[in-house]
């Protein structure tokens, strides 16, 4: 106890930095699942909603690009022949497929 | 002679009172006369559309049905009369109507445990179907869309971890409050109802059930309902149809579950839909059984002061709305792409009532 107290006294700033690191590590551990899948949100959202915008709601290309636009950059690639959309964002990719007039669009595996 | 004439007149009056207008393949139209009230409604619902910043009220469709006839209809942006527009969470109330048909077929009771129809809920044996319909499962669910993407349950359900099997993802949530006691809006609750329907009607009938049970009897031809990887309808979010088709569900509800001569939804089901849920936790909304009401459980006024107390609605993300006002004979469909919070339900209801039936400024 005495030894630790003296360490904190001798190195107050280092102690604070160490404490912050421990807290940050704890938070990362706590949110590890969410953090791992988080980057997929942008590409999955873009692929799915763009697919539905084009092939379910039958909206024009330019409109659907602005419809799915988020505050983070993403790319969309449309295969209109097969009604398949691939999108990227935050370094991840996702694909969505139109499956029929009643079924609409669905994200393709793998699930992140 | 006088008596005969009187009887005849009485007969004619009673016949015309009973004569209701119903849509066939198309809606009949009786456009409202243009006046100041209609202009006021239009300038509220259709201001110059801001495509660059996507700010403000951005109505895609506004369709008003009065006593079964189209009295007002206008579209904005790229949406047209034949566009099957995304309804977002209006899907939940559409799902409730699909379930209403199954309820009428005796396939389940409101007090049945969810686990009876959806085995992953064996870990939550006390949650009943009616709790899901009240968004009161008690599951520890986070409904935020844009503002808390990291721990949003609904974003994870639709786009990441949950999307393979959305109902199972919901079932894996812990308990935050006792089932059936506290309202906590949850797309997960709705998705589990969509999964339970699979057992209720059987795997074979399931894929077409919304069509055979509800859409075809109402003459709805434009519907799409997207599914998750297991084939479960995304009952919370992904139903699409034209404004004119959605209005058919509104008219069905306005007329207490009856479509022409057929009681498609039992009256008891509609009563359940429209009964305010008494929640232990305070809420700004007035939830019923998968519909939104304008009267609270303790009899107080609901969230839309300028609309009658019997007003109810199905509401979705980005401004989607299906309003029903039985006392005014009104069904209103509003599709939109509102990306901020500037749109106000009460304002639209007030202006629409004034434009169509000359009320709303009481």
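The values are calculated or read from the model by the stated rules, or taken from the named source; none is laboratory data. In this text the structure is predicted, and so the values were computed from the model without any measurement. Neighbour counts are summed over all protein chains in view; Cβ atoms, including those assigned to glycine, are modelled from backbone coordinates with ideal geometry.
Filtering the range A:80-112 to residues that are surrounded by 12 or more Cβ atoms within 10 Å (Cβ to Cβ) and over 26 Å from residue B:169 (Cβ atoms) leaves A:83, A:101. For the range A:28-37, residues that are surrounded by 11 or more Cβ atoms within 10 Å (Cβ to Cβ) and either free of Cβ contacts under 8 Å to residues at least 40 places away in the same chain or away from every other protein chain (no Cβ under 14 Å) (or both) total 4. Of the numbered criteria (1) more than 14 Å from chain A (Cβ to nearest Cβ); (2) in contact with a strand residue (DSSP E or B) (Cβ under 9 Å, 6 or more places away or on another chain), the one residue B:80 fails is (1). Tell me yes or no: at least one residue of the range B:68-87 is outside any loop (DSSP other than H, G, I, E, B) and within 19 Å of residue B:183 (Cβ to Cβ). No, the conditions are met nowhere in the range B:68-87. Quick one: would you say residue A:105 is facing chain B (nearest Cβ under 8 Å) and either in contact with a helix residue (DSSP H, G or I) (Cβ under 9 Å, 6 or more places away or on another chain) or under 17 Å from residue B:337 (Cα atoms) (or both)? Here the answer is yes, as residue A:105 does meet what is asked.
The listed residues are B:125, B:47, and the only one of them that is assigned to a loop (DSSP other than H, G, I, E, B) and either farther than 29 Å from residue B:332 by Cβ or in contact with a helix residue (DSSP H, G or I) (Cβ under 6 Å, 6 or more places away or on another chain) (or both) turns out to be B:125. Residue B:41 satisfies every condition listed in (1) touching a helix residue (DSSP H, G or I) at 6+ places or on another chain (Cβ under 9 Å); (2) at pLDDT below 95; (3) away from every other protein chain (no Cβ under 14 Å) except (2).
Please count how many residues of the range B:336-350 are crowded, with 22+ Cβ neighbours inside 10 Å and closer than 19 Å to residue B:293 by Cα. Going through the range B:336-350 one residue at a time, the tally reaches 3.
Has the range B:58-66 got at least one residue that is assigned to a loop (DSSP other than H, G, I, E, B), at pLDDT below 95 and either surrounded by 15 or more Cβ atoms within 10 Å (Cβ to Cβ) or more than 14 Å from chain A (Cβ to nearest Cβ) (or both)? No, because not a single residue in the range B:58-66 is assigned to a loop (DSSP other than H, G, I, E, B), at pLDDT below 95 and either surrounded by 15 or more Cβ atoms within 10 Å (Cβ to Cβ) or more than 14 Å from chain A (Cβ to nearest Cβ) (or both).
The residue of the range B:163-197 that is farthest from the chain's Cα centre (by Cα), among those that are free of Cβ contacts under 8 Å to residues at least 40 places away in the same chain and closer than 25 Å to residue B:314 by Cα, is B:169.
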